[in-house]
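A.B. asks: Would you mind keeping the following structure in view while I ask a few things?
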Amino acid sequence: MLETETLHEKGLALLERLHGGHAGEAMVAEMRDICPAFSDMTIDWALGGIMARPGLDLLTRQLVLIASCVTLGHAEPQLRAHTQAALAVGATKEQIVETILQLTFYAGGPAVRNSLVAIRDLIDGRQGAVHDMWREPATTVPGRPAVSYQLA
């Protein structure tokens, strides 16, 4: 029993560090009437048991989780939560974008595009902002002509 309590305490501490108190409360609340044990398993096993292990720092673990959410293609709430957690432990916009972009040939262009759009407001610090990707400034690749998708 002591081991379970220790895992739970570690898990709660990581939940607070990565997601703030509100995320844990929200997860517990949404599972309360469906499967309360899921919250305990998440806190004990996923956070206290796996995330707290040595060998990878929290930033690397969050980038792996972002990649997993992109690959699944249907985990937008988790993608956003892990993007926020990555930022909380020091990830840069470039690290997050490159992690997602790396998956283009593994998860597919639509999954990568949708994921980038889903987290745009988080990595730009503009929560709730709507992004029009076609208004981005043109970029150039050395040796190739500039291409612009600006429609405005």
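A.B. asks: Of the residues Gly125, Gly90, Gly55, which is part of a loop (DSSP other than H, G, I, E, B), exposed (fewer than 14 other Cβ atoms within 10 Å of the Cβ) and touching a residue at least 24 places away in the same chain (Cβ under 8 Å)?
C.D. replies: Gly90
A.B. asks: Going by what's in this entry, would Ala85 be described as assigned by TED's automatic domain parsing to the domain that holds Leu122, under 12 Å from the mean Cα position of the chain (by Cα) and touching a residue at least 24 places away in the same chain (Cβ under 8 Å)?
C.D. replies: yes
A.B. asks: Within the stretch 132-151, does at least one residue satisfy the condition of being among the basic types (Lys, Arg), surrounded by fewer than 18 Cβ atoms within 10 Å (Cβ to Cβ) and modelled with pLDDT of 95 or more?
C.D. replies: no
A.B. asks: If you don't mind, there's one more thing I want to ask. If only one of Leu18, Leu14, Leu65 is crowded, with 19+ Cβ neighbours inside 10 Å and touching a residue at least 60 places away in the same chain (Cβ under 8 Å), which one is it?
C.D. replies: Testing whether each residue is crowded, with 19+ Cβ neighbours inside 10 Å and touching a residue at least 60 places away in the same chain (Cβ under 8 Å) leaves just Leu18.
The values are calculated or read from the model by the stated rules, or taken from the named source; none is laboratory data. Bear in mind the structure is a predicted one, so any value in this text is a computation, not a measurement. Virtual Cβ from ideal backbone geometry, glycine too; neighbours counted across all protein chains shown.
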